[in-house]
Amino acid sequence: MPAIVLATLNAKYIHAAFGLRYLLANLGELRERAVIAEFDINQRPLEIVERLLAQQPQIIGLGVYIWNVTQTTEIVALLKRLRPDVRIVLGGPEVSYECEEQEIVRLADHTITGEADLAFGDVCRRLLAGEALSKIIPAELPQPAQLALPYDLYTDDDIAHRVLYVEASRGCPFTCEFCLSSLDIPVRAFPLDAFLAALDGLLVRGARQFKFVDRTFNLHLPTARAILGFFLERWRDGLFVHFEMVPDRLPPELRELIAKFPSGALQFEVGIQTFDDATSKHISRRQNLARLEDNLRYLRAETGVHVHADLIVGLPGEDLASFGRGFDRLVALAPQEIQVGILKRLRGTPIVRHDAEFAMLYAPQPPYEILQTRDLDFTTLQRMRRFARYWDLVANSGRFTHALPLLWRDASPFERFLRFADWLHARLRRTHEIALATLAESLSVFLTSELGISESEAALALEADGGRARSGAGPRRQRRHTQLTGATLPA
């Protein structure tokens, strides 16, 4: 039986826990005495506890995130009730900040704050030796060259069925106040030769989908060029690589490489968040909007990159009108996806400094979404939550590419889609479990009865979309895994 079980609850089965693999890879002589146990948030806590205790471990390490903290708190409570002798060690972004006020921290034996790749092994050695340790244990920031890479711990089943997370660097040079990455300064790069050799090993084993968790993939241009060149030289059918990029940094040498990839091989996640200059200043966000727009136009016109762009509702100082202007500006740039996110107050982020001035009120439970601000009341934010959900179903799904433009012909895309979202909710009274046929029929009724589009024109557009609607086909894409950083225990 293993002495150490490393466990976490992933958001979905397809998400392989990156941080667990880092921790196991860096356990040194304890690696042979440890196992990984992955679960997802849809599994019952009692069943998870049963499986954990069946291993008869001495130490259980649990990765805690915004998406799993509620369930993990229940699991820790059950574990300590059933087996108080088993030492519970927590880590992860959710418990790395504001520890003193968290029930899960109170219940557990120890919490490692920060990047625990090396610290976890040290804690386990000391616990197994019978040493008494503090409840809160800050981890020293590891340098990437110190770390054993975890990529050989992806199993054949992982390669066949899951998203493989990889990272060439950690940290972010920017200081956006809503983001935990703003706390990860400086940016630290992994030794490139060893990293590329590990990726080559995954490719040889049949890996075809890679999601880079680097917050600023294109920050260091020689590294970005080397990685793009690596994949281009080894191109084969089915290869798909996801990067998060700095949107206003795409010089000619990167453009030339990107343009050589086949359509659909690359996905770029472009975090714009806001087009409003005053709001950007409030959250300490720096970006050149003119250069950003030029880069997006290039990507859409000259490359086959799938562009996933992000905007956030509820930032301090942004009202509905300014968000709408930014949304329309982004729609005009035609990214394949626009993710409309609702602001979350992540533990440890400095966004809280605006609470008083902008009357920022957040939900007390995860994921701590904004409830109202000085500029957006609760009712308006509820409308925007529905807007975001319906936009995902109708626009981001890629199923209504012919019918959707009819919604805002000669009008503001934001205003028209918000009107449609309000109408759709009044009609259906729900935002989930909506059949595709119901969506298509509702869109047809709205186009004809509310906007005066002729029945023949609406029918032709929806008929052109019919193949996608019937098959459920949409663009191949990978969703952003919120707060996924491979360094903290476990990711």
Members of segment 159-202 that are within 30 Å of Arg353 (Cα to Cα) and free of Cβ contacts under 8 Å to residues at least 24 places away in the same chain: Ile185, Pro186
Taking only pairs six or more apart or across chains, which ones have beta-carbon atoms under 8 Å, a first residue in segment 73-89 that is under 17 Å from Arg126 (Cβ atoms), and a second residue that is modelled with pLDDT under 95 and of a type in the set (A, V, I, L, M)? Val89/Leu489
If you check Ala37 against the conditions, is it touching a residue at least 24 places away in the same chain (Cβ under 8 Å) and in a helix (DSSP H, G or I)? no
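Do you know which residues across segment 278-297 are of a type in the set (Lys, Arg) and either at pLDDT 95 or above or surrounded by fewer than 17 Cβ atoms within 10 Å (Cβ to Cβ) (or both)? Quick ask: steps written out before the conclusion?
Within segment 278-297, the subset of a type in the set (Lys, Arg) is 281, 285-286, 291, 297.
Result: Lys281, Arg286, Arg291, Arg297.
Which residue, of Phe240, Phe212, is in contact with a His (Cβ under 8 Å, 6 or more places away or on another chain) and either not assigned by TED's automatic domain parsing to the domain that holds Tyr13 or not polar (S, T, N, Q) (or both)? Lay out the reasoning, then the answer.
Values: Phe240 fails: in contact with a His (Cβ under 8 Å, 6 or more places away or on another chain).
It is Phe212.
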Please enumerate the residues belonging to segment 259-303 that are farther than 24 Å from Leu180 by Cβ, assigned to a helix (DSSP H, G or I) and of a type in the set (Lys, Arg). Arg291, Arg297, Arg300
Within the group Phe217, Phe240, which residue is more than 30 Å from Ile283 (Cβ to Cβ), surrounded by 16 or more Cβ atoms within 10 Å (Cβ to Cβ) and in contact (Cβ under 8 Å) with a residue 12 or more places away in the chain? Phe240
Residues of segment 304-335 being in a loop (DSSP other than H, G, I, E, B) and crowded, with 20+ Cβ neighbours inside 10 Å, which ones? Val305, Gly314, Leu315, Pro316, Glu318, Pro335
Reported set for segment 412-440 where residues are without any contact (Cβ under 8 Å) to a residue 24 or more places away in the chain and exposed (fewer than 13 other Cβ atoms within 10 Å of the Cβ) is Ala426, Arg427, Arg429, Arg430, Glu433, Ala435
Are there helices (runs of 4 or more DSSP H) fully within segment 359-452 with at least 1 residues that are of a type in the set (Ser, Thr, Tyr)? List them. 378-391, 436-445
Checking Leu30 against (1) surrounded by fewer than 22 Cβ atoms within 10 Å (Cβ to Cβ); (2) assigned to a strand (DSSP E or B), which single condition isn't satisfied? (2)
How about segment 54-153: which strands (runs of 3 or more DSSP E) wholly inside it have at least 1 residues that are of a type in the set (Lys, Arg)? 87-91
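Return the only residue of Phe400, Phe414 being at pLDDT 95 or above, aromatic (Phe, Trp, Tyr) and within 17 Å of Ala321 (Cβ to Cβ). Full working, then the answer.
Working: Phe400 fails: within 17 Å of Ala321 (Cβ to Cβ).
Of Phe400, Phe414, the one residue that is at pLDDT 95 or above, aromatic (Phe, Trp, Tyr) and within 17 Å of Ala321 (Cβ to Cβ) is Phe414.
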Would you confirm whether or not segment 59-68 contains a residue that is free of Cβ contacts under 8 Å to residues at least 40 places away in the same chain and either surrounded by fewer than 21 Cβ atoms within 10 Å (Cβ to Cβ) or out of contact with any helix residue (DSSP H, G or I) (no Cβ under 8 Å at 6 or more places or on another chain) (or both)? no
Identify, please: which residue in segment 170-214 is farther than 16 Å from Phe231 by Cβ and of a type in the set (Phe, Trp, Tyr) and is, among those, surrounded by the fewest Cβ atoms within 10 Å (Cβ to Cβ)? Phe174
Just one of the numbered conditions (1) within 17 Å of the chain's Cα centre (by Cα); (2) surrounded by fewer than 19 Cβ atoms within 10 Å (Cβ to Cβ); (3) not aromatic (Phe, Trp, Tyr) is not true of Pro350; which one? (1)
Quickly run through segment 88-98 and pick out the residues that are surrounded by fewer than 20 Cβ atoms within 10 Å (Cβ to Cβ) and touching a strand residue (DSSP E or B) at 6+ places or on another chain (Cβ under 8 Å). Tyr97
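Mind checking which residues of segment 101-113 are modelled with pLDDT of 95 or more, of a type outside the set (A, V, I, L, M, F, W, C) and surrounded by fewer than 22 Cβ atoms within 10 Å (Cβ to Cβ)? Steps first, please.
Applying the first criterion (modelled with pLDDT of 95 or more) to segment 101-113 yields 102-113.
Those still in the list that are of a type outside the set (A, V, I, L, M, F, W, C) too: 102-103, 106, 109-111, 113.
Answer for segment 101-113, where residues must be modelled with pLDDT of 95 or more, of a type outside the set (A, V, I, L, M, F, W, C) and surrounded by fewer than 22 Cβ atoms within 10 Å (Cβ to Cβ): Gln102, Glu103, Arg106, Asp109, His110.
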Could you say which residue among Asp158, Asp193, Asp200 is part of a helix (DSSP H, G or I), outside the structural domain of Phe39 (by TED's automatic domain parsing) and within 25 Å of Lys12 (Cβ to Cβ)? Asp158
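The values are calculated or read from the model by the stated rules, or taken from the named source; none is laboratory data. This structure is a prediction, so every number in the text was calculated from the model and none was measured. As a convention, Cβ positions derive from the backbone with ideal geometry for all residues, glycine included, and neighbour counts pool all protein chains shown.
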